[in-house]
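Read-outs throughout are calculated quantities, based only on the coordinates presented, and are distinct from any laboratory measurement. Note that the structure is a prediction, hence the values are computed from the model and not measured. Cβ placement follows ideal geometry from the backbone for every residue including glycine, while neighbour counts extend to all protein chains displayed.
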There are 2 protein chains.
Amino acid sequence: MNAAPEPGRSPGGAPGERWQRALGLVGHGVAGIDTPALVIDLDAMDRNIARMVAFAQEHGLRLRPHAKTHKSAELANLQMAAGAVGVCVQKTDEALALARAGVRDVYISNQVIAPAKLQRLAHGVRDLPTRFAIAVDSAIGVDRLATALADAGVRQPGAVDVFVEIDVGHGRCGVAPGEAALALARLVASHSALRLAGLQAYHGSAQHQRSPAKRSASLKQATEAVRDTLTLLRAHGLDAPLVTGAGTGTFVLEAASGLWGELQAGSYLFMDADYAANQTLPGAPAFEHALFIRAQVMSRGTRHAVCDAGHKSHAIDSGLPTVAWPPGLVYANGGDEHGILTTATAADALPALGDTVWLVPGHCDPTVNLHDFYIGVRGGVQDGRVERVIAVDARGALG
Amino acid sequence: MNAAPEPGRSPGGAPGERWQRALGLVGHGVAGIDTPALVIDLDAMDRNIARMVAFAQEHGLRLRPHAKTHKSAELANLQMAAGAVGVCVQKTDEALALARAGVRDVYISNQVIAPAKLQRLAHGVRDLPTRFAIAVDSAIGVDRLATALADAGVRQPGAVDVFVEIDVGHGRCGVAPGEAALALARLVASHSALRLAGLQAYHGSAQHQRSPAKRSASLKQATEAVRDTLTLLRAHGLDAPLVTGAGTGTFVLEAASGLWGELQAGSYLFMDADYAANQTLPGAPAFEHALFIRAQVMSRGTRHAVCDAGHKSHAIDSGLPTVAWPPGLVYANGGDEHGILTTATAADALPALGDTVWLVPGHCDPTVNLHDFYIGVRGGVQDGRVERVIAVDARGALG
């Protein structure tokens, strides 16, 4: 029942017909973009990249953007060319998809304990010219990683960088700061194929706290956990050279702490409606929305319009999209394939049947995961030209 | 920057390595399934298919299941082999993806007004051995469809079946019942390439009203709208042969109305946590959960476990997943790649690091859209064997 593969597919997996159709847009105006489509304002994205690199350089910090945001080897390499040391991902298969597509430094900032996944990673370490790193929060995870590397014949000392993840307040992954981290760090250091690279310390839930005061309070707690753990490690003769973490909502605070040496912010690349709702911390660069959904009104009522972008074109875990253009419109949930548009005030006008609508996704990362490619536009998304089509190489790389 | 396509991809677009790895599971036990994975209990699914066919046959109704649920040509053809007359989809590219993969009767139960999409559809009508149908709710949509068919050289009378969509209470797409529907039906009948096939009447929001009394009230209103419109059409000499619509939450009511001739329910195939929360209508077949996410505990706290399935493996528009197994666990939002598991009562036990967890998605349709393929299991998902891998052919077919 399994048909032969269609030729000409995208690197990310789009069937050839859709991918070829997208490639045919290059050099033409945005009017030809089929809807719904994931569109990057390349000018805005380039400015975001430059602002983040400048921030990291001013603070003497390494920048390792989280590629879970964009899942694209081309964008990862763009970030690295601009000054990033590498990228983070959350999944083994994301790491391998990016490495196979040419990204040379990839850190899985997450736990992996399935032997089959660790075997795939070990084969990647052995066979690909990419430097890999991984986070751990269990002895089982450390021992299985070491076993997988040995089974794959990886004998090089320090072949994989390992970060001990400590829970700095998010309450998800990570061992407790202090003694538990020390014990795990010792275990890492006992395996010659593993290099104890430092601590993974990321406060995920703090990223979306709206008030700078709340984020500062969360990061104060996280900073103390990191400092105490580093002190303990050093007292026991263990050097944990780098603390890595931070997101788009808090990286100014990690940078100011003097403890973190590497920033993992990812969403700054595109921004989204959720991050835009945060009040900006003093000293944070001003990032622009660079990621949009181009949609079309395909049904029109007397008091509402319906556009062709629903849950299948954008994620709603952090709220519904906002309408970037036309002005004065409110997007309501219309299900998997539809959005319901109404006017914000009596002075605003409903769009007509066939009109274009530009949406800003609520949350960029899982929105990107719904698409096989981006359409990259220069000169503004509303009336610019398509410069290139960018594959979402690691879309659906769940394992 | 666009790499050459990798050989051996899935029909749905999964990179060859992931697709080949999945194919390697066939004939083996479920223990080898990488997580997170979309797994079908084929026995339960077959029983759901048989129950729905039996219901439709007992009521003398056509069954045209909504393939927006499964997006798979193989499953569409399975439904048709069991007695369905065809399938519905919501998008032009979904229709073309299924038609190219061998589905011979596809109805786009949604509006399409973009000329480029209508051109693709017209080429499909001309070049593929599939019978196509489409819904309309605007004169622009009807005229552009006719133009696209003419431009593609489609001259056959009644080449495409057209259903006039009326808004029966959902408040999304569709013209008002009565005069507006009559005017649009006349326009359809005026184009020789279009066959006025009937009315599209679907009350989407009624599907998820928990109480049978509320659903009955919603469908009473919908039934009156359909009856009045049919009466008006007939009074003006227009024959609208078929009323098509209904979903898994209400189809018993449409069947009892004597007006609907075709049922479009789709979710019955898999069911999901949201539909399971509905109180069943009298006379409705008992459908079983047939779609699961297999996940693994990859981090373990003292009072919580973390599994490797988050927003990237299941949609949350209709709520978070429930935990099918082990018993006594509650799933909380852990972000894009994680789920936080806690115990429901003090008597329940947290799973250990590495343990398998089976989730029931909150909403099957957009969950399926996140995956490139299903793993089909016989003998129960917990300890059965993998029978086949089924491509999600129309995943990401947004246009």
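Kirkwood Rh and Cα-based Rg: tell me the resulting Rg over Rh for region A:128-191, rounded to two decimals.
That ratio equals 1.00.
Can you pull a Stokes-Einstein diffusion coefficient for region A:11-87 at 4 °C (1.567 mPa s), Rh from Kirkwood over Cα pairs, as a whole number of µm²/s? Once the numbers are plugged in, D ends up at 90 µm²/s.
FRET efficiency for the A:A235 to B:T342 pair, using the beta carbon distance and R₀ = 35 Å, is estimated at 0.50. Summarising the label geometry, the points placed 7 Å from Cα in the beta-carbon direction at B:L281 and A:E224 lie 5.9 nm from one another. Highest GNM mean-square fluctuation among A:T69, A:T231, A:T356, for chain A modelled with Cα contacts below 10 Å: A:T231.
Checked against a 31 Å cut-off, the cross-linked pairs B:K117/B:K220; A:K117/B:K71; A:K117/A:K214; A:K214/B:K68; A:K68/A:K220 give Cα-Cα distances beyond that limit for B:K117/B:K220; A:K117/A:K214; A:K214/B:K68.
Write down the percent of antiparallel bridges among all DSSP beta bridges whose residues are both part of chain B, to the nearest 5.
Antiparallel bridges: around 50 percent, rounded to the nearest 5.
Using only alpha-carbon positions in region A:42-271, the gyration tensor eigenvalues give semi-axes of 26, 23, 14 Å once each is multiplied by 5 and square-rooted (largest first).
The Rg/Rh ratio for region B:34-177, using Cα coordinates for both the radius of gyration and the Kirkwood hydrodynamic radius, is 1.01.
So what's the net charge close to A:P177: Lys and Arg +1, Asp and Glu -1, counting the other residues with Cβ under 10 Å from its Cβ? So the environment of A:P177 carries a net charge of -3. Using the Cα coordinates of region A:217-262, the gyration tensor eigenvalues translate into equivalent-ellipsoid semi-axes of 21, 11, 7 Å, sorted from longest to shortest.
When chain A is treated as a GNM with alpha-carbon contacts under 10 Å, the residue of A:I140, A:I33, A:I49 showing the greatest mean-square fluctuation is A:I140.
Here region A:42-271 is assigned +1 on the Cβ of each Lys and Arg and -1 on the Cβ of each Asp and Glu. Its dipole about the Cα centre then comes out at about 200 debye. How would you classify region A:336-399 from its alpha-carbon gyration tensor, with a ≥ b ≥ c the square roots of the eigenvalues: rounded for a/c under 1.5, else prolate if a/b is greater than b/c, otherwise oblate? Because a/c hits 1.5 or more and a/b fails to exceed b/c, region A:336-399 counts as oblate.
Just to check, using Stokes-Einstein with a Kirkwood Rh over alpha carbon pairs, what's the diffusion coefficient of region B:106-222 at 20 °C and 1.002 mPa s in µm²/s? Estimated via Stokes-Einstein, D reaches 144 µm²/s. Using the Karplus relation 6.51 cos²θ - 1.76 cosθ + 1.60 with θ = phi - 60°, the per-residue 3J(HN,Hα) values for region B:273-280 come to 4, 5, 5, 5, 7, 5, 7, 6 Hz, with x marking Gly and Pro.
Comparing A:D151, A:D272, A:D308 in a Gaussian network model of chain A where C-alpha atoms under 10 Å apart are linked, the largest mean-square fluctuation is found at A:D151. Mean projection of the Cα convex hull over all viewing directions, computed for region A:270-339: 5.4 nm².
Applied to region A:88-93, the Karplus parametrisation 6.51 cos²θ - 1.76 cosθ + 1.60 on θ = phi - 60° returns per-residue 3J(HN,Hα) values of 9, 9, 10, 10, 4, 6 Hz, with x for Gly and Pro. Can you find, among B:F292, A:S72, A:L291, the residue farthest towards the positive end of the dipole of the protein assembly as shown? Put +1 on the C-beta of Lys and Arg, -1 on that of Asp and Glu. Farthest along the dipole direction, towards plus: A:S72. Residue-wise HN-Hα couplings along region B:294-302, as the Karplus relation 6.51 cos²θ - 1.76 cosθ + 1.60 with θ = phi - 60° gives them from phi, are 8, 10, 9, 6, 10, 7, 9, x, 6 Hz; Gly and Pro carry x.
Could you compute Rg(Cα) / (2.2 N^0.38 Å) for region A:261-379, with N its residue count? List each step's numbers first, then the result.
Details: Rg = 15.2 Å, N = 119, 2.2 N^0.38 = 13.5 Å.
That ratio works out to 1.12.
The value for chain B of Rg(Cα) / (2.2 N^0.38 Å) is 1.03. Between the amide H of B:V392 and those of B:G12, B:F373, B:Y374, distances stay under 5 Å, these residues lying 5 or more places away or on another chain, with hydrogens modeled in the peptide plane. A helix-only calculation puts chain B at -9000 deg cm²/dmol for mean residue ellipticity at 222 nm, using -39500 (n - 2.57) for each DSSP H run of at least four residues, averaged over all residues. With the convex hull drawn over the C-alpha atoms of the protein assembly as shown, the volume per residue is 152 Å³. For region A:181-269, what log10 I(q)/I(0) values come out of the Debye formula at q = 0.12, 0.14, 0.24 1/Å, with one point per alpha carbon and no solvent? Here log10 of I(q) over I(0) equals -0.39, -0.51, -1.13. Note on the protein assembly as shown: with charges restricted to the Cβ of Lys and Arg (+1) and Asp and Glu (-1), its dipole about the Cα centre is near 420 debye. Each 10 Å bin from zero holds the following percent of Cα-Cα pairs in region B:168-232: 21, 45, 25, 9, 1. Close amide H contacts of A:G266 (hydrogens built in the peptide plane, cut-off under 5 Å, sequence separation of 5 or more or a different chain): A:H66, A:T248. Considering only B:L121, B:H311, B:V160, the residue lying farthest towards the positive end of the dipole of chain B is B:V160, judged by Cα position with unit charges set on Cβ.
Quick one: dipole size for region A:63-166, taken about the Cα centre, charges +1 on Lys/Arg Cβ and -1 on Asp/Glu Cβ, in debye to the nearest 20.
180
Between amide H atoms placed 1.01 Å from N, distances below 5 Å from A:H338 occur with A:G310, A:H311, all of them 5 or more places distant or on a separate chain.
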